[in-house]
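*Asks:* Below is the structure I would like to discuss, written out as structure tokens.
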Amino acid sequence: MNKPKVLIGAVIQESNTFSPARSTMDDFRRHRLQFGEDILRARTENELSGFMRAASAEGIEVIPTMAANAVSSGVFTADALEELKETLLRELQSHSGYSGVYFAMHGAMVADGCDDVEGCLMEMIRGVIGDVPFVVSLDLHANVTAKMASLADGIVGFRTYPHTDFVSTGMRSASLLFSMLRSGRKPAVRIRKIPMIVPAENSQSSHGPFAELWQAVEEGERRGNSRVTSLFPVQPWLDIEEMGCAVVTVHEDGKAAEREAERLADLFWQKRHEFQIRLHSVREIVELASGRQAGDGPFVISDSADSPGAGSTGDSNFVLRELLSCGAHLSYSILLTIVDAPAVARAAAAGEGRSVEVDVGYSICPDGEPLRVCGRVRHIGDGRFTLAGGYAKGTEANMGRCVVLELGRLSLLITERPTFSGDPSMYRSVGLEPASADIVLVKSANQFRADYEAISKHIFLLDTPGRSPADLRKLVFNKLRRPCYPLDDFFDWRNPQQKPT
């Protein structure tokens, strides 16, 4: 008897429509763009590796197509989308004889002229595969659309934030798809959108309002209300019309799936105010640092408003300017990072051990002015390192050429390109040890907690300018369908276009 065959692939990038950057296929080429057998040989612990592990245990053969992953960025260009579609279409059309299809996607990708890239890609995939069972896994911050839900026979979202369940998400997706292959039946997929967006900084799955929502999900699954339930507290930096948090349920009984989605969506809405967070000024952190006790570990400060993981440009010098202006670099051992390719070039030309004067910051984003600093070049590197857990373990990261510039006791890591900065491996790759510092800056909303909570008792979210702020009211939304919390609050969320009485 022939083994069942399943077609697999991945297209993963998160967009930020407020970012001045533009994303192209080069973003995928720099991070990960693999085809065929190269996907099977990859060592990254992600959704595809989890799916393949489950397939091997079940004796199911996988047919790899294309795996494309990129660091979050601004809107994907229209030309790049056409190239992506053409490349994926060629891969899809070159295979046959499969019984099911699995794709890992992010779910919040936007291109010029297309606010729902995943929906567009899923439509193309469905057009090639026909009625074959089709399961998609999505990042927990996906903006799930009605189109996406209508095209998939199963949607499986991450369950952890910080994200640590890449592999298990792939395995759960495999379990759902393989059950369809065995039974010959497809379940119903139901979605309930909620007119709200919440700060990513307070969406931990370990405690707080989001953890309580997951408890309600697990209780519903145990009762049989849904076979697979996913919560999507959408990444909030998207100005598109069909935008908002969502609950997606998968169940053999469509009415049961719909009831469960409604129940959880109502609970989600009730908890909306609990997602609000406290932000700190840089000067407040410097004052608090004087009371640090031995064994506390570093003060970890998050400039999430300039997070490359949220699609921001990573080139804000706001925190650096504040620290220098209050003399913190003379009193504390500090690690900072910033994106600035021209500054890297100038410092690298000076050479290791030499002093150099450079302008740093706002080389991409037009929101501020460069800051002139003078320091000693401590290190010059190629910027390649392997993530140990702050993102999918084993991911090869590339921040481009980089330099470490010493400004007093402050070590400034300047990189050519944005990359995920929530993994201590970034600093360790250039000879800096976060656990030994007094203050460590990350440009990450929440993912950094996966590793930094193990070395620090003090984590603070900063009140800073940027294109991915925690205070969402700082952004100007033009396309977002209103009313929508937190821009609006007191309205009937089930019928938001109806004026409250």
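*Asks:* Please label the shape of region 76-169 as rounded, prolate or oblate, based on the square roots a ≥ b ≥ c of the eigenvalues of the alpha-carbon gyration tensor (a/c under 1.5 means rounded; beyond that, a/b larger than b/c means prolate, else oblate). Numbers along the way, then the final one.
*Replies:* Working: a/c = 1.74, a/b = 1.13, b/c = 1.54.
Judged from the Cα gyration tensor, region 76-169 comes out oblate (a/c at least 1.5, b/c at or above a/b).
*Asks:* Can you tell me the accessible area per residue over the chain, all protein chains present, probe 1.4 angstrom, in square angstrom?
*Replies:* It amounts to 38 Å² per residue over the chain.
*Asks:* Which cross-chain or sequence-distant (5 or more) residues have an amide H under 5 Å from the amide H of L140, H modelled 1.01 Å from N in plane?
*Replies:* The list, which skips near neighbours in sequence, is F158.
*Asks:* Rounded to the nearest 10 degrees, what's the angle between the helix 166-183 long axis and the longest principal axis of the chain, both from Cα atoms, 0 to 90?
*Replies:* Orientation of helix 166-183: about 10 degrees from the principal axis.
*Asks:* Another question about this same structure. How much mean residue ellipticity at 222 nm does the chain get from its helices, if each DSSP H run of length 4 or more adds -39500 (n - 2.57) and you divide by all residues, to the nearest 500 deg cm²/dmol? Could the numbers behind the result be given before it?
*Replies:* On the way: 15 runs with 147 residues, N = 501.
Dividing the helical sum by the residues of the chain leaves -8500 deg cm²/dmol.
*Asks:* Using a simple spin-label model with points 7 Å from Cα along the Cα→Cβ vector, what separation in nm is obtained for H207 and N478?
*Replies:* Result: 4.2 nm between the two label points.
*Asks:* Hey, another quick one. Give the shape of region 258-411 as rounded, prolate or oblate, defined through the alpha-carbon gyration tensor: a ≥ b ≥ c are the square roots of its eigenvalues, a/c under 1.5 means rounded, and otherwise the shape is prolate if a/b is larger than b/c and oblate if not.
*Replies:* prolate
*Asks:* Any chance you could give the angle, 0 to 90 degrees and rounded to 10, that helix 117-129 forms with the longest Cα principal axis of the chain?
*Replies:* It works out to around 40 degrees.
*Asks:* Looking at region 263-298, which GluC sites (Glu not before Pro) are DSSP coil and have at most 16 other C-beta atoms within 10 Å of their C-beta?
*Replies:* Those that pass, being in a loop and sparsely packed, number zero.
*Asks:* Where does region 151-217 land on the Kirkwood hydrodynamic radius, alpha-carbon pairs, in angstrom?
*Replies:* Numbers: mean 1/r = 0.0713 Å⁻¹.
That comes to 14.0 Å for region 151-217.
*Asks:* Could you tell me which of rounded, prolate or oblate describes region 106-237, using a ≥ b ≥ c as the square roots of the eigenvalues of the alpha-carbon gyration tensor, with rounded for a/c under 1.5 and, failing that, prolate when a/b is larger than b/c and oblate otherwise? Show your work: numbers first, answer last.
*Replies:* Details: a/c = 1.93, a/b = 1.16, b/c = 1.66.
Taking the square roots of the gyration eigenvalues as a ≥ b ≥ c, region 106-237 is oblate.
*Asks:* Then there is this: List every residue whose amide H lies under 5 Å from the amide H of V440, counting only residues 5 or more places away in sequence or on a different chain, with H placed 1.01 Å from N in the peptide plane.
*Replies:* Those qualifying (amide H under 5 Å, at least 5 residues apart or on another chain) are F299, V300, I301, L335.
*Asks:* Grab the other residues whose beta carbon is less than 13 angstrom from that of A350, score K and R as +1, D and E as -1, and report the net. Provide the component values of the computation, followed by the final result.
*Replies:* Numbers: positive: R346, R354, R376, R378; negative: E352, E357, E406.
Net charge around A350: +1.
*Asks:* E252's amide H: which non-local residues (gap 5+, or another chain) put their own amide H closer than 5 Å, with H modeled 1.01 Å from N in plane and none for Pro or chain starts?
*Replies:* Residues meeting the amide H criterion: A188, R227.
*Asks:* Here's another thing I want to ask about it. When the Cα centres of region 342-395 and region 223-277 are compared, how far apart do they sit, in Å?
*Replies:* 41
*Asks:* Of G157, S72, V144, which is farthest along the charge dipole of region 58-157 in the positive direction, counting Lys and Arg as +1 and Asp and Glu as -1 at C-beta?
*Replies:* G157
*Asks:* Using a Förster radius of 25 Å, what is the FRET efficiency between R494 and D471 based on their Cβ-Cβ separation? Nearest 0.05, please.
*Replies:* 0.40
*Asks:* Right, something else. As an exercise, identify the trypsin sites (Lys or Arg not before Pro) in region 346-376 lying in DSSP coil whose Cβ has no more than 14 other Cβ atoms within 10 Å.
*Replies:* Passing both the DSSP loop test and the Cβ count: R354.
*Asks:* Specify the angular offset, from 0 to 90 degrees and rounded to the nearest 10, of the alpha carbon long axis of helix 78-93 from the longest principal axis of the alpha carbons in the chain.
*Replies:* 50
The values are calculated or read from the model by the stated rules, or taken from the named source; none is laboratory data. Predicted model only: the values in this text are computed from it and were never measured. So basically every Cβ, Gly included, is an ideal-geometry build from the backbone, and we count neighbours across all protein chains shown. We work out accessible area using only protein heavy atoms, side chains counted, and drop any ligands, DNA or RNA first. Shrake-Rupley method; radii C 1.70, N 1.55, O 1.52, S 1.80 Å.
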